[in-house]
Amino acid sequence: MSDIAYQQCINPDCSATYPVQEVHVACAKCGSLLDVRYDWSRLPVPRSLAFFEHRWSTKGTGVEGQLDFSGVWRFRELMPFYRSEDQIVTIGEGRTVLQRADLLGRQLGVKPGNLLLQYEGLNPSGSFKDNGMAAAFTHARMVGAKRVACASTGNTSASLAMFASLAQMQGIVFIGSGKIAFGKLSQALDYGALTLQIHGDFDDCLRRIRQIAVDPRMGIYLMNSVNPFRLEGQKSIMFRVLEALDWQPPDWVIVPGGNLGNCSAFGKAFMELKELGLVRKVPRLAVINATGANTLNELYSRRNVRWNSGRFDRSAIQGLFAAMDESGYHPHTVASAIEISRPVNLPKALRALDVMNGVVREVSDEEILEHRAMVARWGFGCEPASAAGVAGLHKLLDEKVISPDDRVVCILTGHELKDPNVTVKYHTGVDMKSAQESAPRETPHGRLVNQPVKVEDDLGAIVKALGLDAGNITAPNTAAPDVEGGRD
Ligand code: F0G
């Protein structure tokens, strides 16, 4: 492959490559996940991370200035898959801060100055997803996409809908019926995305959207984190953490795990920074599942599945998924954002845990609710899934895996206002969600009304709801992605 940037299958026994101008939702040869890779020797890589500091003074509203303003693109030399800067999509994403959280730290038993919260809820759509969307929409624009789609537990759909409206593409989102927080649903509708409420959960939605997006005749560009370009943007969360710490890596990075895109991106960021000689030390990673959606913890902590240079134990994963199918298991947690049982980025998450000497834990809904309230009470605020990370820190301190002397960064992935129902219920006992469901309905009459469309979990019905011809859809190759997390 002579291109400076290309896509490559992560399976070491395949390693197939594809040009960046092509769109793939998986390796066409073996079905594994793809990475975006670079021939760094032919690229102008900065000699030190301090290079990026000058961008704070060159930000502005011109093309270059806007890129310097973006918390993603001011690190563009570390994600150079685009051909020219005018292809880049940005809406001022990633202007987030690393907050020193001494009051919360004291509650948890961390020494002053050692607990830092990376406040990703400050992104334009209120979650970390905007980092990845900026990159994936840039790629979508490069390949001339007109319609973009995702399955979502809420935040991906909100972010996609916002970017699609600004990039003038049709946004389509698949959400599980009754599965996403109201703040997130309201965003998808308000930004004008075609919102399909599928009778099923996130795993069902993702399976369906992959079935549809795999057929090029559908003309749908897939924005889920199986899209390797999304993860390029999410690497920037780690670059900003380093920047805020004067380029000194912390001891630990703690992140909630759902579809496992974020932790995968963090692992790739450090893999590349190390390769480029831009950091000496790599922080340790802790990925925190909810107990009701604990696939990664089950595989990593209990069944000892490891990356093993890409030759991880596929049969252990298949065995777990088969057992889930047999027992009719569905994930369930108050942290709806991470209510996922077949995380598509599982192999990349194993790689990240390898690169960052990681650990995985799970926390109960009660722990999530209590730690969400603590984050707010001591001055910040986040949605339930984000608090799983903080609850995980508490657990790891109790276990003495993390010491009070360690410098710890928790990623607060989504804003407190994303899920006000959980907050109100915690403080008052009133379940606003059920109340809303039984409340009398008026026919909406605003000029821009965009109602969600309810659809059965059935390929033909979904295709029809999309306004496409069911006769055109063929069943995708079902063999390989099974191990990678999708059921089909
Ligand atoms: N925190 C929040 C607030 C999220 O919305 C998500 C994922 C995660 C954590 C987990 O991140 O998937 O990279 O491991 N939300 C996705 C969505 C799945 O559709 O919005 P992950």
**Asked** In the set Asn289, Asn297, which member is touching a residue at least 24 places away in the same chain (Cβ under 8 Å), within 15 Å of the ligand (Cβ to nearest atom), open to solvent by less than 20 Å² (accessible area, probe 1.4 Å) and in a helix (DSSP H, G or I)?
**Response** Asn297
**Prompt:** Could you say which residue among Ser301, Ser327, Ser309, Ser315 is more than 23 Å from Leu104 (Cα to Cα) and either in contact with a Pro (Cβ under 8 Å, 6 or more places away or on another chain) or modelled with pLDDT under 95 (or both)?
**Reply:** Ser309
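For every residue, the table says whether it meets (1) open to solvent by 10 Å² or more (accessible area, probe 1.4 Å); (2) within 11 Å of the ligand (Cβ to nearest atom); (3) in a helix (DSSP H, G or I); (4) without any contact (Cβ under 8 Å) to a residue 60 or more places away in the chain.
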| site | (1), (2), (3), (4) |
| --- | --- |
| Gln118 | no, no, no, no |
| Gly121 | no, yes, yes, no |
| Pro124 | yes, no, no, yes |
| Ala136 | no, no, yes, no |
| Ala140 | no, no, yes, no |
| Ala145 | yes, no, no, no |
| Ser159 | no, yes, yes, yes |
| Phe163 | no, no, yes, no |
| Gly171 | no, no, no, yes |
**Request:** Sort out which residues of region 147-157 are more than 15 Å from the ligand (Cβ to nearest atom) and free of Cβ contacts under 8 Å to residues at least 40 places away in the same chain, and write them in order of number.
**Result:** none
**Prompt:** Any chance region 333-353 includes a residue that's away from the ligand (no atom under 14 Å from the Cβ), in contact (Cβ under 8 Å) with a residue 24 or more places away in the chain and over 11 Å from Leu260 (Cβ atoms)?
**Reply:** no
**Request:** For region 302-316, indicate whether the set of residues that are within 21 Å of the chain's Cα centre (by Cα) and among the aliphatic types (A, V, I, L, M) is non-empty.
**Result:** no
**Prompt:** Looking at region 418-466, which of its residues are in a loop (DSSP other than H, G, I, E, B), open to solvent by less than 50 Å² (accessible area, probe 1.4 Å) and touching a helix residue (DSSP H, G or I) at 6+ places or on another chain (Cβ under 9 Å)?
**Reply:** Asp419, Asn450, Pro452, Asp457, Leu466
**Message:** If I filter region 243-255 for residues that are under 14 Å from Leu78 (Cα atoms), within 10 Å of the ligand (Cβ to nearest atom) and touching a helix residue (DSSP H, G or I) at 6+ places or on another chain (Cβ under 9 Å), do I get at least one hit?
**Reply:** no
**Request:** Test Ala316 against the stated conditions and say whether it is open to solvent by 10 Å² or more (accessible area, probe 1.4 Å), in contact with a Phe, Trp or Tyr (Cβ under 7 Å, 6 or more places away or on another chain), more than 16 Å from the ligand (Cβ to nearest atom) and in contact (Cβ under 8 Å) with a residue 12 or more places away in the chain.
**Result:** no
**Prompt:** Looking only at helices (runs of 4 or more DSSP H) that fall completely inside region 214-286, which ones have 2 or more residues that are at pLDDT 95 or above and farther than 20 Å from Val23 by Cβ?
**Reply:** 236-244, 261-275
**Message:** Here is a list: Glu437, Glu399, Glu366, Glu370. Which entry is more than 13 Å from the ligand (Cβ to nearest atom), at negative phi, at pLDDT below 95 and more than 20 Å from the chain's Cα centre (by Cα)?
**Reply:** Glu437
**Which numbered condition Arg55 misses (of (1) out of contact with any Asp or Glu (no Cβ under 6 Å at 6 or more places or on another chain); (2) within 27 Å of Glu275 (Cα to Cα); (3) at pLDDT below 95)** = (1)
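The values are calculated or read from the model by the stated rules, or taken from the named source; none is laboratory data. On a predicted model such as this, the values are computed, not experimentally measured, just so you know. Cβ coordinates were reconstructed from backbone atoms using ideal geometry, including for glycine residues, and neighbour counts include every protein chain displayed. Just so you know, the surface numbers come from the protein's heavy atoms only, side chains and all, with ligands and any DNA or RNA stripped out. Shrake-Rupley method; radii C 1.70, N 1.55, O 1.52, S 1.80 Å.
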